[in-house]
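Asks: I'd like to ask some things about the structure below.
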Amino acid sequence: MSSNPFYKKHYTTVDNLTRANVMYLMQRADFMLDVISNKSEHIPLKNKHAAILFYQPSTRTYTSFHAAACRLGMTVTGIQGMSAYSSAVKGETLADTIKTVYQTTGADVIVLRHPDDDSSETAAKNSYVPVINAGSGKREHPTQALLDLHTIYKNVGRIDNLNIVMVGDHLFGRTTKSLAKLLGLVGENVKVTFVAPKELQVVEEFIGELAQMGLAVELAYDLGTVLDCADVVYMTRVQKEWFEDAGRLEDYKRLKDSFILTPMLAEEMKPESIIMHPLPRTDELPPEVDTNPRARYFKQMRSGLALRMALLESILLAEVV
Ligand code: NCD
């Protein structure tokens, strides 16, 4: 039994996390992994209700939040097509929708994915119950960062003294931003090498922010030269939808295959290193790499289920039983 730091709090960003808080969640996620694999009953959230509102497409995040809530005994109102089928189409503000959903569902927690960078802060300001950010615009994906860290912790065996290569789209993508910040906040002696085409590289201001957190940051433009000393290679896709919104599909086509982790390149990694990807993937991570013993991106999703169970439980239950 121990009290927990997440009780009744919003979880909209990694910014306020401490190492102790994160380790608390990692341990609860380990417990949930056992619950899942042993098919044991752990339903501390019976009679509680989750509203899961997604304004952007999702497979992993949506299904794992939905399953996480159900597995803990909750009932769920889950809507994946908020942008097409909710009153957003009629011009309703996010603030009004959040207040509405609380009244219409009696939700104890609201899980939100939305294309606006500040959506989860707006939701939190207008919510009577805790809000969990399941992906906000191009800025944050704080539960993905936690599940990524859990994957690293379980598969590399530590969250310190790490050399992580993050590859893909660091301009529009939110996963590498949240994970890099989280590593800067809770890890000791962590170096992140961002690999991306120049146009999709991390911006100066963000590099400064990471450096202030104590993270060692490098930028690279040749995947082949940075793989051999990596503990983790974290691949991401180039984010087509944001190019589409900006009417820049030609640029997307030009940039999308800039960095591909081919089976041959993957062999340059240390034998004990791992390959991660938040998924979905496009061509940057060919299916032929799936049989490489370093591949962890499918297992990574199971951490997502366990971690989201841990987070829901921690937010809704003062004392873990
Ligand atoms: C990511 C996202 O939505 O940001 N997907 C996910 O949640 N696993 C990554 C992506 O869409 O590229």
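Asks: Which residue is nearest to residue 166 (Cα to Cα), if the candidates are limited to the range 237-259 and must be within 16 Å of the ligand (Cβ to nearest atom) and hydrophobic (A, V, I, L, M, F, W, C)? Break it down into steps so the answer makes sense when it comes.
Replies: Filtering the range 237-259 down to residues within 16 Å of the ligand (Cβ to nearest atom) leaves 237-245, 252, 255-259.
Within this subset, residues satisfying the condition of being hydrophobic (A, V, I, L, M, F, W, C) are 238, 242-243, 255, 259.
Working: 238: 12, 242: 20, 243: 20, 255: 16, 259: 11 Å.
It comes out as 259.
Asks: Identify all residues within the range 46-93 that are of a type in the set (S, T, N, Q), open to solvent by 60 Å² or more (accessible area, probe 1.4 Å) and either closer than 26 Å to residue 320 by Cβ or touching a Ser or Thr at 6+ places or on another chain (Cβ under 9 Å) (or both); write none if there are none.
Replies: 47, 63, 75, 80, 93
Asks: On the basis of being of a type in the set (A, V, I, L, M, F, W, C), more than 23 Å from residue 307 (Cα to Cα) and over 18 Å from the mean Cα position of the chain (by Cα), does residue 156 make the cut?
Replies: Answer is no for this residue.
Asks: Follow-up. For the range 238-259, does any single residue satisfy the condition of being without any contact (Cβ under 8 Å) to a residue 12 or more places away in the chain and either in contact with a strand residue (DSSP E or B) (Cβ under 9 Å, 6 or more places away or on another chain) or closer than 28 Å to residue 71 by Cβ (or both)?
Replies: The answer is no; no qualifying residue exists.
Asks: Then there is this: Scan the range 211-231 and report the pairs whose first residue is open to solvent by 60 Å² or more (accessible area, probe 1.4 Å) and whose second residue is of a type in the set (Phe, Trp, Tyr), with Cβ atoms within less than 8 Å and a gap of 6+ or a chain change.
Replies: Note: pairs meeting the criteria are 218/194; 219/194.
Asks: While we're here: State all residues of the range 133-185 that are open to solvent by 10 Å² or more (accessible area, probe 1.4 Å), within 12 Å of the ligand (Cβ to nearest atom) and closer than 18 Å to residue 217 by Cα; if no residue qualifies, say none.
Replies: Matches in the range 133-185: 174, 175, 177.
Asks: Oh, and also: Among (1) over 20 Å from the mean Cα position of the chain (by Cα); (2) within 16 Å of the ligand (Cβ to nearest atom), where does residue 89 come up short?
Replies: Checking residue 89 against (1) over 20 Å from the mean Cα position of the chain (by Cα); (2) within 16 Å of the ligand (Cβ to nearest atom), the one that fails is (2).
Asks: Now for a different question. Sort through 83, 58, 37 and tell me the only one that's in a helix (DSSP H, G or I), within 16 Å of the ligand (Cβ to nearest atom) and of a type in the set (S, T, N, Q).
Replies: Step by step, each of 83, 58, 37 is checked, and only 83 is in a helix (DSSP H, G or I), within 16 Å of the ligand (Cβ to nearest atom) and of a type in the set (S, T, N, Q).
Asks: In the range 89-130, which residues are among the acidic types (Asp, Glu) and touching a Gly at 6+ places or on another chain (Cβ under 7 Å)?
Replies: 116, 117
Asks: If you scan the range 61-80, which residues turn out to be in a loop (DSSP other than H, G, I, E, B) and within 15 Å of the ligand (Cβ to nearest atom)?
Replies: Within the range 61-80, 80 is the sole residue that qualifies.
Asks: Ok, one more. Name the pairs whose Cβ atoms lie under 6 Å apart, with the first residue in the range 165-176 and charged (D, E, K, R), the second assigned to a strand (DSSP E or B) and near the ligand (Cβ under 9 Å from one of its atoms), and 6 or more positions between them or separate chains?
Replies: The qualifying pairs do not exist here.
Asks: If you check 225, 236, 282, 262, which single one turns out to be polar (S, T, N, Q) and touching a Gly at 6+ places or on another chain (Cβ under 6 Å)?
Replies: One residue alone meets the criteria, 236.
The values are calculated or read from the model by the stated rules, or taken from the named source; none is laboratory data. The shown structure was predicted, so the numbers you read here are calculated from the model rather than taken from an experiment. Positions of Cβ are backbone-derived with ideal geometry, glycine not excepted, and every protein chain shown enters the neighbour counts. Quick note on the areas: whole protein, heavy atoms, side chains included, nothing else; ligands and nucleic acids left out. Shrake-Rupley method; radii C 1.70, N 1.55, O 1.52, S 1.80 Å.
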